[in-house]
Structure formats: structure tokens, C-alpha cells
There are 4 protein chains.
Amino acid sequence: MTPKPTLYTLVISCPDQVGLVAAVSAFVAEHRGSLVESNNHTDVPQKWFFMRNVIDASAMDLDLRALQEAFAPLAERYNMEWYLRDNQSRRRVVILASHASHCLADILHRWHSGDLDCEIPCVISNHENLRSMVEWHGIPFHHVPVPVDDKSAAFAAVSDIVERHRGETIVLARYMQIIPPSLCERYAGQLINIHHSFLPSFIGANPYQRAYDRGVKLIGATCHYVTEDLDEGPIIEQDVVRVTHSCSKDDLVRLGRDVERSVLSRGLRFHLEDRVIVRGNKTVVFNP
Amino acid sequence: MTPKPTLYTLVISCPDQVGLVAAVSAFVAEHRGSLVESNNHTDVPQKWFFMRNVIDASAMDLDLRALQEAFAPLAERYNMEWYLRDNQSRRRVVILASHASHCLADILHRWHSGDLDCEIPCVISNHENLRSMVEWHGIPFHHVPVPVDDKSAAFAAVSDIVERHRGETIVLARYMQIIPPSLCERYAGQLINIHHSFLPSFIGANPYQRAYDRGVKLIGATCHYVTEDLDEGPIIEQDVVRVTHSCSKDDLVRLGRDVERSVLSRGLRFHLEDRVIVRGNKTVVFNP
Amino acid sequence: MTPKPTLYTLVISCPDQVGLVAAVSAFVAEHRGSLVESNNHTDVPQKWFFMRNVIDASAMDLDLRALQEAFAPLAERYNMEWYLRDNQSRRRVVILASHASHCLADILHRWHSGDLDCEIPCVISNHENLRSMVEWHGIPFHHVPVPVDDKSAAFAAVSDIVERHRGETIVLARYMQIIPPSLCERYAGQLINIHHSFLPSFIGANPYQRAYDRGVKLIGATCHYVTEDLDEGPIIEQDVVRVTHSCSKDDLVRLGRDVERSVLSRGLRFHLEDRVIVRGNKTVVFNP
Amino acid sequence: MTPKPTLYTLVISCPDQVGLVAAVSAFVAEHRGSLVESNNHTDVPQKWFFMRNVIDASAMDLDLRALQEAFAPLAERYNMEWYLRDNQSRRRVVILASHASHCLADILHRWHSGDLDCEIPCVISNHENLRSMVEWHGIPFHHVPVPVDDKSAAFAAVSDIVERHRGETIVLARYMQIIPPSLCERYAGQLINIHHSFLPSFIGANPYQRAYDRGVKLIGATCHYVTEDLDEGPIIEQDVVRVTHSCSKDDLVRLGRDVERSVLSRGLRFHLEDRVIVRGNKTVVFNP
């Protein structure tokens, strides 16, 4: 068996200009990197360029730090927002859950079986009922109740716990609480929610009841980054499932659970693999 | 080859009561009819019952008219809304189209190749460009312009043409005009529209532009009965197709066309096969 | 809150005859049962009739046993294969697993959260690695190795454990062992497998490798009853997921896992809700 | 409105080497071309590289011919199979049809409404029934019967007509005849078929009957390049549709028609937009 190669991922977002691909790929080649995957996209109306490169760095002449420094002048010339990371550095993902277990159990199982490449330093919930499941996975569980009359203290505690665990990404696994603007801002582009409808249908509360009342023939779920505007953040992934007149509202909830968990886990995977680039209220998702 | 059997379809909607299926199926059996297909549904919260029976009437002792009369007392006892029709009596479907050809061409081809069981006595359009296509199919084409400042006269003319052709069902094949309340009422439950979004997302104008601006990952189409409330009528059928960040707004329009035409043709088929029962703002669709 | 009604399910398969629906529904009505759900299907070429009724028995004049006895003469007259059961009597499902956890974890989570209506008296595996996960759910775990040179002793042990736990249904959750004919026969119609391809594509071993080599654009999974003919038993449920040229064989395996577990859980649910009727090598699935 | 830019498409397939993307993108940038779309893929096990670039050539310093000459040395250095074409040069697509109209009507309508970017110099059929439909579109129709006892003369005639019309791509729109090896070879990579099953399921004749007999829960269609090995050529596109026990064999045929035509039209579009690269028995499809 060949040794696993050292892989770096380089993600770029910048104004579109002639020669961008050439400049970046020449840089990689000059330092003896090899492109394993390379995706790019030009948003023509916005004249904006997006690029994601997975680089086999096994034979490169510089280490990560030195490479980042070497790339900086090129990035500046093209006004790039960019980052270059070692694929081995696993992101630290804190999960916020409430009473419902389906999304949390799905993420924990994928992580536990090696299918999701991240650390999960802890799970925070406003209920106690999922503690045993979380702790079985060897993950610390924090119970932070969110009382109706003192949410700010609760979110201060949540924020504190995330920081203490050096969380980088926060996943709202059906957390069912509105996140305060300060947290949205602080974790901008790193705060992932699963909404239980096919947005922009049924924004807000009780989407399944409203889907039932409207008599739609498909229900869905939406994984998106959280911004201050409720349910209006950049969409990462969506999917739907067919329903019929014979489905009760409870059937919609049950069928919806399966869509929610698969959409969330796909969205989270895209995020962890650096496949998602946000610009304005939209995403570029270089999914394979 | 066996001769084609005589088939009747009996459609029922009424308050739910014990013994309904027994009463109806006993009636059919007593008259020596045989159930070829039988679907029923109970809306438990609404306590309402829906039923569709396809009856092989080849050996029945009564003709259609006599059978309808024989059924009437039973229907009255159970407060049924109902109808019983000979499947051979093809519905007369008038199509209203505008400039875009994809939905119209699809319906005409299905009709022409024997795949859609109906008559198409005429096509009405506010543009001339599709005349030749319609007339090639041997179907009369009526050009009724809809001037911005005199829509009522135009719709009077449309209504008149539909009547003259004894149209029973009206299909809006991307007609792009708001139908006046009088027509909505007159053809209630017989006026079918295709909306170019996954309702209730993007109600109203320019859904593809708004889907593009919102960055959704799926676009859809909705076939529904038209009521006075724009885009709020009972939904018959919906479907979606996956799109990505690399799709331009024109790509969405193009991909959407395929969903529109397939959703409309499925919805129309369900309608023509008496599979759709409307109650309030929802439908029961006994699709196979 | 209204008390939960007593529900019975009556499942029938018999030669098609005029008056069947009438006879059955009259029987139910006479005993003051109310049909909550009623599905039927006539296989016209085979002249065979299938029926599933969910009966609200709260007001019935007979208990289950007496009702079964009362129905027997009618069943005999029409040559029915049939059963009538109380929905409260949960089926006992033994799960056989191997090394892979995804299907087992999915079923256990659904069961644990009350989403799958059955008992799971035990899990049997030829590996030890899933013991802790199973036992966390409070379910006994039996390790029965299946040595290449003495499979018959192993399967005798498996059979013994199933019997001891009074297992009614056996689920092969990626068990990866060929079941001996004696077990197939004994649990005919109660032995459910998930095959990791869209049958009849890639019958047999290594379907993902073969799908990769063939360059298919969709991969799938098939839930079916096990018969002596490998991968040829009656299909309960299937589904597919889109793949591209950029998917490695390992990507197919990963994407396939999600299809496998959702297809298996849907198939198992249909089975547990008495929605599946087998005749010959095909199934009728009255899914909602 | 801005003038439409001059677009070229450059398609490359070659052994994988470090610096390929850099070399190609530098070439484009040096000649003042701008990459509008750029996709690439590395087949890691095969060590093979695939690339497709859409170049805005409006500001380039060389015309197409000169650019091709300038690229040749670079192509030779990397052992590329490649072509560079002007997107305005529309491919000439000859369609072969039989009695069934659905795929042909679909392609003709897309072409007629400007949705498919190609020329259709003629349609050839072994039946007369579709002549009027073809001729209404202003396209010559050739009737070439294929008698069972003299197929080679028929195919000589077909080949002759294709040549006379300078056909580049041949589409078998449910042509239902086995193409002789000489034609397969001559139009290798340009001969597109739609098979009415989800290959490799139901290779050969009567797939819908066999799908019905097997009791599958999904049926599909496959668009592939034709090679000498029947139904074994490189797959371009596939899709499926859900079916149930209540579908007759004729229902499968009807539902299948919709999948066939949509899969064929998608596959043909990918081909015409130079999105498909064949290697061995597999394709890379850079679909958006």
C-alpha cells in the first residue's frame, strides 16, 4: 500500500480577471504540487471568480506555513479572499441539539464510523434526554437550559462552552432556538442550520403543519448558514421527498426527519471538505 | 383478443360514516359490476371520505343512465357529492397558450399519439406564433389578443370560444394571464394551471429570477386548479429538478421547462382519469 | 385527547371474483368495524386479488379471536390466504449483522426513538465490533462466528437463538452470508435482506466495484425477501442515488450506504405495517 | 445588449502529469483568452487526465486555425488527444427512428424552439408514419425499410444518406435495429443510443416485460454510445422513475417513454456541448 499523500486545500474567491487559473496553477506547479481536484466557477453577472484546489503536496518544496507566505503576494495582486489548509487538520465541530435525536444521532454515527472527517469536542443541548447517547460516543455533553425569560445568559453560557472547546464550526441539529446576532456574526460562515422545509417555502415556525394545510405534494429540508435574518441565510443543500393526501401531519414529520438528517449531513460534509464558498446570500458548492 | 370491456368510473366525496365501502361495493356487486380499481381515503381530522371506483360494467344489468338513477338514493342517504361516467366519453379540453411552446407541444404530442385520453376541440392563444403547430395536429387555432387596456373583452371572447367548442376542462399551458373570477368560478375544478415554481415558493411573477437570486438548490413546478386567489388553488402535482451555482438564470428557465411540461401532463392525466378529488383547498389524488 | 382506538389489520390474497370487496366490507360493517384504511389491487393477467384493511375495532361486537373465527367461513368460500391481527401485537424482529454498522445503527435508532413499531429481542453478528452499540440500546447481543469450514453449525446456532427469542421476522442488515435453504424456507416471507445494488443489476458479489467499472450514472439498493435463489427473491423496495465520473469506488460505497439504510428501513416498515403481500416472485406493496 | 462573445471549446484527454492545468491555462492566458468554464478530472487509478475549457476568444490574438496550430506542440508534449472548436460551428446530427414518435418528437421540438444547438440535416426511418411530422419541421425524411433478409443493403443506404448529408453525429431515437459493426466503428463516439432500461439491468430485448415480470420498483433508461457489443457501450446518462405493483406492463412502457426521451435529450445535449469524454468503456461527463 502506498503511503497516504499530504493533501492541502486552497480556496479562493476574488474579482474575475484574465489569467487567474494560469497564475494559481503555475504557482502550484512551480512548488512541485500536483492538482488532485480543481474546480472553478465564474459568476458572470457579478464578475466574480471562485476556485477550490486539492493539492498533493507530498513532493512540495515548502511546508504549509511557508507556502501560505509564498502565496500571499499573488493573492494580494488579485484581491483574493483565500485560505490554504492541511486536510489533516480536522475542524472542531460543536453540535447544538434540543429534544429531537434524529439529526444528532446521524452525525454522531457518521463521525463514529469514520465517515465524517472532523472533531466533535462537545454537544450542547437545552434538554437532558440525549446525554446518554452523546456520552456513549465518548463526547462531553453540556446541558444549558434556555429559559424563555433569560435567553441571553443561556447563550452567553453556550458561547463560553464553544470557546472553551475551541469550536470552529457550530451545527444546529434541530436546535429550535433563535441564535442571537452576536453569535451569528462571530461564527459567520461557520454556523450551520437545518430548516425543516424547502426554503423559501414555509419560512418560520411549524412548516410541516403548514405544508399539510397547503396540500403540497413534496416536502423538503434546507441546510443553510445562519445569518441574522431568520431562514434567509445562504443555502448549502436542499432535498425533497414525495408525500400524498394519505399522509397525516405526523407522517410528514416522520418523512421529513429522513430528509432533514440526510440534507444536514450532506451540507456538513460539503462544509468540512471546503466545498462551499459564500458570497453575499448565495453559495458556490463544488460537490463532486 | 378479448373485446375491450365497458368501464365506468364512480367518484364519491362525502362525510365519513361506517359502512360506506360496504354500501357502495354491495351496490356495484348487486348490479353485477366488477371492481377493476378501487381507492378510498378517509381524512380523519376532517371526518371526510373519498372514493374512486373503476367498474367493469360489461355484465351489468343497467345502462349508464339507469345506473345513475339507481345510485341516486344511496348517494342521498350518505350526503355524497358524486358522479358516475362512462370511461369512453372523452372530456373536451381547451388549451390556452401564450408564446412559449413547450407545454403545448407536449400535450399535443401526447394527445396525437393516443397517450392522453381526451378531445382537444381547439387551442386559444394571445399570440399567433403557435398556429402552424396546432393546425398541423388538425386542431382549430384561435388567436385572441389580450390588450393591457381591455382584458375583459378578450376574456369574453375566450369564454365564448370555449363554450362554442363545448369545452369542459381548460388547461393554461403557460398562458401567463390572470384569469378573471367569473371564469374561475364557472370552470371551478376544471381549470388547470402550471405554475413555474415549487409553490408556495416564489408565488407570483418571475419565479426563476427569484430562485436564482435566492440561490436555491432545487427548482420546481406546480400543477394546480385555478381559483380566484392567485397561485393558491388546490395543488394536483409538483416536482423539482436539481440545479447548481453554475446554472445561470437562463439555465433555470430551460431546466424548468422540462419540469413544467412533465408536471402539467401528469396533472392533466390524473384529472382526465378522474383521479383527483378537490375538497377545500386540497386534493386527493388517487394516482396509481 | 381521545383514547387511542383499537386497530386490527386484515390482509387478504385470493383468486379474483365479483363481490369480494362487498363481501369483506359488509362483514366489517356488520360487526360494527370501521375501515380506516382500505387498499386493494387486482392483478388482471393473473386474475388475483389483494386487499389490506385497517379496521377501527373499538366498537366491534367480537374480540380478535372471535372475529377470526367469524371470518373463516367467508375466507374459505373465496379461497383466501389471509390473516387478521391486532396492531398492538408488535412483531419480534431479530437482526443479523456483520461488521458494517450503518444499517443496524439506523434500525436501532428508529426503534429506540419509537419510529419503528416492533420488538427487537436480540441482534446476532459474526463479529464482536457492534456489541457495545447494541447493548447500549438494551438489546441482547449474540456473537456467532461463521467459519468458512463449518457454516452449518453456525447457522444451527443462529436458528436456535432466533427460536429461543421467538423471532418472527429476520432482517439481514448487511449480513454478507448466504442463508441456508432450511432457514429460507422456515422464515419464508419473513426474511428480509438489503442488497447493495439496484437489482437485477450486479447480482452477486462486489456490486459497487462492478458499478464503478461499468461507469453507471446511478447506483442503488434493493430490499427483498430472501429465497433460495440468491438475489432473486420478491422485491419490496428500491432506490437509487446519482453518481458521477468523479466518484471513486469508495465514494460509491459511501453514497451507497445511505441508500441501503433508507431502502432497508422503508422496506422493513412496509413489512411491519402489513403493507406487503407476496405472490410468486413479486410483491404488492400498499404503501401510503 | 452586449455583443455575443466568440467562444471556443478545448477538450483534452491525456496521461496525468504535474503542471497540465498550468500549461493549458497559461497557453490560453498568453493568447489573451479568458476561461469562461473550466472543468477537469483526474482518474487516479488510471493516471489519466480530462479537461474541458470554454474560452472567451473575443480578445484573442489568433483565429481558430492559428490557435489550433499554436496548441499542437503543447498537445504533443503531453500526449494529448484533443480538439478545439468554435462553439458557433453547429454539429450535424442525423436521427434514425422507427415507428415510435416520442423521442424523435422531443428532439425535433427542442431543436425547433432553439433549445438544442445543432443542425438536423435529415431523419431516416424504416417506417413511413413519422414523415409528416418530420417534414413539418422543414427537415428531409428518408424512408429506408430494413427487411429481415437484407439488412446489409439497408444499412449501406443509411450510411450513404448520412454521408450525403455530411452527418457527424447519429442519434438512434428508439431505432430498434442492431447497427452493423462497420457503422459503429466509423461513427465511434458519435453514435448515440437510448436503451429502454436502466443498464446493465435487462440488457437486450423486451426490457419492460422483463421489468414487469421481475417486479422491480423503479424502471429506467440509459443513453450510451454504441459499440459493437450490444448495450455495453459507454454510458452518458441514466435516469429512473418509480413504479408500483398496480402498473401494468403497458403502464411501464408509457412511464418509460418519458424517461427515455428526457435521458436521450440530456445525453445528446451533453454530447453537443462537448461535455462528454470517452475513455475505454466509461465516460467523463462535465455536466453543469
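The values are calculated or read from the model by the stated rules, or taken from the named source; none is laboratory data. Quick caveat: nothing in here was measured; it's all calculated off a predicted structure. Backbone-built Cβ (ideal geometry, glycine too); neighbour counts: all protein chains shown. Accessible surface areas use protein heavy atoms only, side chains included; no ligands, DNA or RNA. Shrake-Rupley method; radii C 1.70, N 1.55, O 1.52, S 1.80 Å.
Of note, residue B:229 satisfies the criterion of being without any contact (Cβ under 8 Å) to a residue 12 or more places away in the chain and closer than 20 Å to residue A:212 by Cβ.
State whether one or more residues within the stretch C:65-83 are touching a Phe, Trp or Tyr at 6+ places or on another chain (Cβ under 7 Å), closer than 24 Å to residue C:168 by Cα and among the charged types (D, E, K, R). Within the stretch C:65-83, none of the residues are touching a Phe, Trp or Tyr at 6+ places or on another chain (Cβ under 7 Å), closer than 24 Å to residue C:168 by Cα and among the charged types (D, E, K, R).
Can you spot a residue in the stretch D:180-187 that is touching a residue at least 12 places away in the same chain (Cβ under 8 Å) and closer than 22 Å to residue D:254 by Cβ? Taking every residue of the stretch D:180-187 in turn, none turns out to be touching a residue at least 12 places away in the same chain (Cβ under 8 Å) and closer than 22 Å to residue D:254 by Cβ. Annotation: of all residues in the stretch A:1-58 being closer than 14 Å to residue A:86 by Cα and small (Gly, Ala, Ser), the one that is surrounded by the fewest Cβ atoms within 10 Å (Cβ to Cβ) is A:58.
What do you reckon, is residue C:137 within 14 Å of chain A (Cβ to nearest Cβ), surrounded by 15 or more Cβ atoms within 10 Å (Cβ to Cβ) and out of contact with any Lys or Arg (no Cβ under 6 Å at 6 or more places or on another chain)? In short, yes. Yes or no: residue C:191 closer than 30 Å to residue D:197 by Cα and touching a Phe, Trp or Tyr at 6+ places or on another chain (Cβ under 9 Å)? So residue C:191 fits the description; yes. Of the residues in the stretch C:134-153, at least one is within 24 Å of residue A:116 (Cβ to Cβ), of a type in the set (A, V, I, L, M, F, W, C) and outside any strand (DSSP E or B).
Just so you know, in the stretch A:227-244 the residues that are more than 20 Å from the chain's Cα centre (by Cα) and under 21 Å from residue B:202 (Cβ atoms) include one that is most open to solvent (accessible area, probe 1.4 Å), and it is A:242.
Of note, residue D:282 satisfies the criterion of being within 30 Å of residue A:286 (Cα to Cα), free of Cβ contacts under 8 Å to residues at least 60 places away in the same chain and basic (Lys, Arg).
Residue-level analysis places residue D:124 outside the set of residues that are in the same structural domain as residue D:265 (by TED's automatic domain parsing), within 19 Å of residue D:106 (Cβ to Cβ), touching a residue at least 12 places away in the same chain (Cβ under 8 Å) and in a loop (DSSP other than H, G, I, E, B). Does the stretch D:23-38 include one or more residues that are within 24 Å of residue D:270 (Cβ to Cβ), at pLDDT 95 or above and within 26 Å of the chain's Cα centre (by Cα)? Scanning the stretch D:23-38 turns up at least one residue that is within 24 Å of residue D:270 (Cβ to Cβ), at pLDDT 95 or above and within 26 Å of the chain's Cα centre (by Cα).
Any residue at all in the stretch C:144-162 that's over 15 Å from the mean Cα position of the chain (by Cα), without any contact (Cβ under 8 Å) to a residue 24 or more places away in the chain and closer than 19 Å to residue C:237 by Cβ? There is no residue in the stretch C:144-162 that is over 15 Å from the mean Cα position of the chain (by Cα), without any contact (Cβ under 8 Å) to a residue 24 or more places away in the chain and closer than 19 Å to residue C:237 by Cβ. Restricting the stretch C:245-254 to residues that are open to solvent by 10 Å² or more (accessible area, probe 1.4 Å) and more than 10 Å from every other protein chain (Cβ to nearest Cβ) leaves a set whose member that is nearest to residue A:37 (Cα to Cα) is C:250. None of B:115, B:61 is at pLDDT below 95 and either more than 23 Å from residue B:273 (Cα to Cα) or not in a loop (DSSP other than H, G, I, E, B) (or both) except B:61.
Please tell me if residue C:240 is within 14 Å of another protein chain (Cβ to nearest Cβ), outside any loop (DSSP other than H, G, I, E, B) and not small (Gly, Ala, Ser). It is true that residue C:240 is within 14 Å of another protein chain (Cβ to nearest Cβ), outside any loop (DSSP other than H, G, I, E, B) and not small (Gly, Ala, Ser).
There is no residue in the stretch C:100-116 that is within 11 Å of another protein chain (Cβ to nearest Cβ), free of Cβ contacts under 8 Å to residues at least 40 places away in the same chain, open to solvent by 20 Å² or more (accessible area, probe 1.4 Å) and more than 24 Å from the chain's Cα centre (by Cα).
State which residue is surrounded by the fewest Cβ atoms within 10 Å (Cβ to Cβ) when the search covers only the stretch D:162-190 and only residues that are closer than 22 Å to residue D:264 by Cβ and either among the polar types (S, T, N, Q) or not assigned by TED's automatic domain parsing to the domain that holds residue D:268 (or both).
The residue in question is D:177.
Across the stretch A:262-277, a minimum of one residue is classified as open to solvent by 20 Å² or more (accessible area, probe 1.4 Å) and farther than 30 Å from residue A:49 by Cβ. Of the numbered criteria (1) part of a helix (DSSP H, G or I); (2) crowded, with 22+ Cβ neighbours inside 10 Å, the one residue C:74 fails is (2). Scanning the stretch B:78-99 for residues that are surrounded by fewer than 20 Cβ atoms within 10 Å (Cβ to Cβ), closer than 18 Å to residue B:140 by Cβ and not basic (Lys, Arg) gives a single hit, B:98.
Does residue D:224 fit the bill of being touching a residue at least 12 places away in the same chain (Cβ under 8 Å) and open to solvent by less than 30 Å² (accessible area, probe 1.4 Å)? In short, yes.
Hey, does the stretch C:107-115 have a residue that's within 30 Å of residue A:103 (Cα to Cα), touching a Gly at 6+ places or on another chain (Cβ under 9 Å) and among the basic types (Lys, Arg)? No, because not a single residue in the stretch C:107-115 is within 30 Å of residue A:103 (Cα to Cα), touching a Gly at 6+ places or on another chain (Cβ under 9 Å) and among the basic types (Lys, Arg). For residue C:159, the stated conditions do not hold, so it cannot be described as part of a helix (DSSP H, G or I) and loosely packed, with under 15 Cβ neighbours inside 10 Å.
Restricting C:240, C:276 to residues that are in contact with a Leu (Cβ under 6 Å, 6 or more places away or on another chain) and modelled with pLDDT of 95 or more narrows the list to C:240.
If I filter the stretch B:199-208 for residues that are farther than 18 Å from residue B:177 by Cα and open to solvent by 10 Å² or more (accessible area, probe 1.4 Å), do I get at least one hit? Checking the stretch B:199-208: at least one residue is farther than 18 Å from residue B:177 by Cα and open to solvent by 10 Å² or more (accessible area, probe 1.4 Å).
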